[in-house]
Amino acid sequence: MASPPSQQTLSVQDALGRAYGHWNAGQADQAEQWCQRVLAAWPGQADAMHLLGLMAHAYGNLDLAISHLRQACMAPRAPAVYSSNLAEMYRQKGMLAEGEEAAQRAVSMDPSLVSAWSNLGILLQESGKLERSLECLQRVVALTPEAPETHNNLGNTWRLLNRLDQAEPSYRKALELNPSYAEAHSNLAFLLSSQGRYDNAYAHAQRAIELSPRLIDAYLNLAEVEMSRERYSEVLRALDMLNAFAPQHPAALSARAKALKQLERAEEALPFARRAVALMPRSADAHSTLASVLAHLGQTEEALASAERAAKLPGTKAEEATVSRGTMLLEAGRKEEALTAFEEALVVFPNSMQIRIARIEARSVESGDDADIAALEGCVAEGDRRTQSDLLSARFALGKAYLDIKNPERAFHHLNIGNRTKRTAIQFDARQTERWMMDVLDACSPERMATLSGLGTPGSMPIFIVGMPRSGTTLIEQILSSHPQVTGAGELAALRLTVESAGAFPASLRSLTRESASVLLPKMGQDYLKRVAPLAQGRPYLVDKMPGNFLYAGLIPLILPGARIIHSRRDAVDTCLSCYTKLFGGSQPFAYDLAELGIFYRLYERMMDHWRKVLPADSLIEVDYEAVVDDIETEARRMIEFLGLPWDDACLEFHKNRRVVRTASVNQVRQPIYKSSKGRWTAYASYLEPLLAELGISKQ
């Protein structure tokens with residue numbers, strides 16, 4: 001072991017040489033001692049401060065590293081590389097403006113310094129200044145064409161510019177130059193995931209982890225792949241691996257919060273989201289994640305404030321945050337504010353397809369000359385240069401816009417392409433689904449239901465609205481939630497998650513004896529109530545309007561005796577047509593093929609026929625959408641009476657209810673009852689032949 005510095009006289013350069021020698025040999029303590037000896041003789045000496053900064057960074061003390069490097073850069077003859085390194089430290093801290101200034105200073109001091117141009121390009125990239133980033137990184141590639149890192153960095157900017165046709169070759173060039181380049185594998189995984197090429201994306205993310213087990217972005221990109229596939233438990237598994245060595249990484253905390261929210265564990269997600277913001281207060285992504293969790297918990301004003309902060313911060317997530325804020329305003333019934341927010345955002349992000357799509361969804365398009373239509377037509381014309389997310393969303397938005405202006409030919413052109421594209425990205429087997437659904441009915445026979453009745457957790461809080469998506473469930477929820485004793489919680493995954501946590505369904509139900517059921521069924525009821533109770537906002541009744549809960553309707557009275565179920569019905573073709581025109585946020589795998597829609601609708605009808613026979617008579621009521629449209633007061637009074645609540649006239653003024661609505665029907669429920677959607681399908685019958693054939697309905 002080397003002895004500490006002696007008292008012999010050494011020049012500053014000799015002492016610095018020894019400090020760097022020890023540092024390069026992995027002897028940090030000795031290196032620091034030599035640096036301190038230099039500083040004792042020459043306070044603030046730039047080279048010693050620079051080395052101490054690098055050491056502090058290596059040991060994870062970013063604030064101290066920035067402090068040391070900032071002081072080093074103040075020296076009159078400090079080399080450009082010091083400013084370049086300071087720029088990178090600022091970037092890692094999320095101080096993008098300061099980082100850009102330091103990197104710009106570095107390239108001005110030494111235009112030949114490749115690392116400075118690279119750092120400047122990456123800072124501009126993360127600040128959303130993508131055209132300038134592109135110039136910098138193309139310069140770096142020209143200077144060092146054989147360096148895989150340069151192609152990888154350039155690929156990141158191409159991707160953010162939505163030039164996927166250029167991004168992928170850049171990543172692959174990096175891997176051609178260095179097949180073991182973990183960062184390039186990781187970035188390629190993210191790109192492939194955005195294109196819906198999930199299996200390939202997963203393989204590259206895993207390869208990145210194999211090559212560099214402590215590469216944080218690789219775990220985050222693996223989590224992103226699984227998030228895109230809606231495999232939220234696998235998201236948490238990837239983040240658990242990351243947590244083993246980076247438990248306080250802000251992006252990992254945000255990703256965990258997002259996954260927990262999707263798993264209806266928003267209260268559990270909130271501390272992770274808040275911690276991410278505390279660690280990275282200038283991260284748009286952290287604030288945006290916090291906003292989404294708060295919104296899910298019904299804390300709308302704080303959510304809007306977080307979204308607004310995210311939208312004002314630099315970085316590539318600011319665009320997403322502006323859309324999120326506008327959407328929250330729309331969901332809260334503040335449509336004019338939302339449209340204004342989208343308009344203002346378009347000034348900042350004139351090429352944003354997300355904003356164009358949000359604007360089309362928020363209003364009725366009146367003319368084929370609409371600027372948003374033209375922009376989205378341009379987007380889809382770019383093809384694979386765009387992300388799959390942009391292309392899919394644009395197709396469905398164009399379908400909606402052309403239906404608004406009564407141009408069904410163009411509408412179904414886009415809807416058919418969008419639905420086919422979405423269908424290829426999901427797994428759905430109609431016959432396998434039929435077998436499972438019939439298995440559920442067999443497990444919920446009248447005899448079995450009678451054997452297991454009366455064992456669950458009593459309580460009348462939950463009101464379930466079930467049926468097909470787009471069958472009027474949101475309208476019914478809006479009417480009920482206008483009552484002062486009822487909170488509308490929207491579409492919750494809580495029941496499905498409760499069922500899944502109890503074992504494979506319906507086998508788990510079929511294997512129960514009354515003795516084992518007396519333990520499991522109350523536990524499931526308590527599990528469900530624990531998930532939803534925070535959303536009730538202190539009111540005695542909560543509406544869970546997840547339409548797909550019709551699949552588990554037989555379980556509801558077993559685990560929650562006292563709960564009420566409202567079955568929302570609507571004309572079969574109108575329902576399926578409305579499904580076909582929507583790109584659902586959640587999982588509706590049957591909705592993207594007209595024939596499969598018809599098959600699934602018939603299966604749904606068979607299930608509901610069964611539930612009518614086996615559910616307790618006082619637990620189920622059926623409400624027809626058309627009947628509500630024709631006579632809202634009669635149907636509203638019938639539902640309120642079914643729930644055992646006193647009548648309140650507010651139920652007839654449902655369109656004035658300012659609660660948050662997070663479904664594709666958000667615009668409709670802000671208007672008084674209208675009848676234009678009754679029999680809507682007849683105008684489009686010629687485009688619906690596969691659906692009509694499965695439903696056994698003629699085109700008329």
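Just so you know, all these numbers are worked out from the coordinates, no wet-lab data involved. As the structure is a prediction and not an experimental result, all values here were calculated from the model. A quick note on method: Cβ atoms are made from the backbone with ideal geometry, for glycine too, and the neighbour counts reach across all protein chains shown.
Given only helices, namely DSSP H runs of n ≥ 4 each adding -39500 (n - 2.57), what is the per-residue ellipticity at 222 nm of the chain, to the nearest 500 deg cm²/dmol?
Numbers: 36 runs with 441 residues, N = 700.
That comes out to -19500 deg cm²/dmol.
For the chain, the longest principal axis of the C-alpha atoms and the axis of helix 430-443 are separated by about 60°.
In terms of distances greater than 23 angstrom between alpha carbons, the cross-link table entries Lys261/Lys335; Lys93/Lys312; Lys93/Lys261; Lys129/Lys422 yield Lys261/Lys335; Lys93/Lys261; Lys129/Lys422.
For the range 369-408, a crude dipole built from +1 on the beta carbon of Lys and Arg and -1 on the beta carbon of Asp and Glu, taken about the Cα centre, is about 180 debye to the nearest 20.
Ordered by the count of other Cβ atoms within 10 Å of each Cβ, fewest first, Glu633, Glu382 give Glu633, Glu382.
Sort His413, His50, His249 by Cβ crowding within 10 Å, fewest neighbours at the top.
On the way: His413 16, His50 24, His249 20.
Ascending Cβ contact count within 10 Å gives the list His413, His249, His50.
Each Lys and Arg Cβ is given +1 and each Asp and Glu Cβ -1; about its Cα centre, the chain then shows a dipole of about 500 debye. Applying the criteria of a DSSP loop state and at most 15 other Cβ atoms within 10 Å to the GluC sites (Glu not before Pro) of the range 62-166 yields Glu146.
Between beta-carbons, use under 12 Å as the cut-off and find the net charge around Ser83, counting Lys and Arg +1, Asp and Glu -1. Computed value for this residue: -3. For the chain, the longest principal axis of the Cα atoms and the long axis of helix 250-262 meet at an angle of about 10 degrees. Note on the range 444-695: lysine pairs with Cα distance below 23 Å, sequence gap of 8 or more or different chains, count 11. If you take the Cα centroid of the range 533-575 and the Cα centroid of the range 70-135, the two points sit 56 Å apart. When only Cα pairs below 8 angstrom with a gap of at least 6 residues are kept, the chain shows a relative contact order of 8 percent.
Each residue in Val614, Val499, Val466, Val347 was given a count of other beta-carbon atoms within 10 angstrom of its own, and listing them fewest first yields Val347, Val614, Val499, Val466. Placing unit charges on each Cβ (+1 for Lys and Arg, -1 for Asp and Glu) gives the chain a dipole about its Cα centre, and among Ala311, Gln262, Pro111 the Cα reaching farthest toward its positive end belongs to Gln262.
Given +1 at the Cβ of Lys and Arg, -1 at the Cβ of Asp and Glu and no other charges, the dipole of the range 320-477 around its Cα centre is 320 debye to the nearest 20. Where the centroid of each part is defined by its Cα atoms, how far is the range 302-335 from the range 395-419 in Å? So the two Cα centres are separated by 27 Å. Of the trypsin sites (Lys or Arg not before Pro) found in the range 213-297, those in coil by DSSP whose Cβ has at most 14 other Cβ atoms within 10 Å are Arg214. Specify the angular offset, from 0 to 90 degrees and rounded to the nearest 10, of the alpha carbon long axis of helix 114-126 from the longest principal axis of the alpha carbons in the chain. Approximately 20 degrees, to the nearest ten. Each Cα pair under 8 Å and six or more residues apart adds its separation to the average, and for the range 351-424 the resulting relative contact order is 31 percent.
Each of Ala443, Phe190, Ser587 was scored by the projection of its Cα onto the charge dipole of the chain, and the greatest displacement toward the positive side belongs to Ala443; charges sit on the C-beta of Lys, Arg, Asp and Glu.
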